[in-house]
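Have a look at the structure below, then the notes.
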Amino acid sequence: MAKPTIVDIPHQLGREAAKQRLRDQVGELAGHIPGGMADVQSTWPSADRMVIEIMAMGQRVTATLDVEDHIVRATFVLPGLLSFMGGAIEAAVRRKGGQVLLS
């Protein structure tokens, strides 16, 4: 099994404001995925954990976002066909996630 990628995204919003920002902007995620045909679904299985499922280019990626007082920890495992893009995807998560939590 592939090793999970973990990206910590710092913020100064506080836990509740960070969760609200994620709720408000998750709908924009599909527009940031190349190809423009991504299906993005999100759920909150617990108070501080958001699960995002992305289906794009025939591949499914599930990410968990654990919201804490000063960081959001994104954890995901890339399927084999996307693993070669791991560094670029990690950088994009770090960059776009920071923009969501800072704007």
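The values are calculated or read from the model by the stated rules, or taken from the named source; none is laboratory data. Everything numeric in this text was worked out from a predicted model, so none of it was measured. So basically every Cβ, Gly included, is an ideal-geometry build from the backbone, and we count neighbours across all protein chains shown. Ligands, DNA and RNA are excluded from the accessible area calculation, which covers all protein heavy atoms including side chains. Shrake-Rupley method; radii C 1.70, N 1.55, O 1.52, S 1.80 Å.
Going by Cα centres, segment 53-95 and segment 4-44 are how many Å apart? Centre-to-centre (Cα) distance: 10 Å. With the highest mean first, a sort of the peptides 38-45, 90-97 on other beta-carbon atoms found within 10 angstrom per residue produces 90-97, 38-45.
What part of the accessible area of the chain, given as a whole %, is carbon or sulfur when the probe is 1.4 angstrom? Taking all protein chains in place, the chain shows 58 percent carbon and sulfur surface. Under conditions of 37 °C and 0.692 mPa s, the chain yields 236 µm² s⁻¹ as its translational diffusion coefficient, taking Rh as the Kirkwood radius over Cα pairs in the Stokes-Einstein equation. In a simple Cβ point-charge model (Lys, Arg +1; Asp, Glu -1; nothing else charged), the chain has a dipole of about 140 debye relative to its Cα centre.
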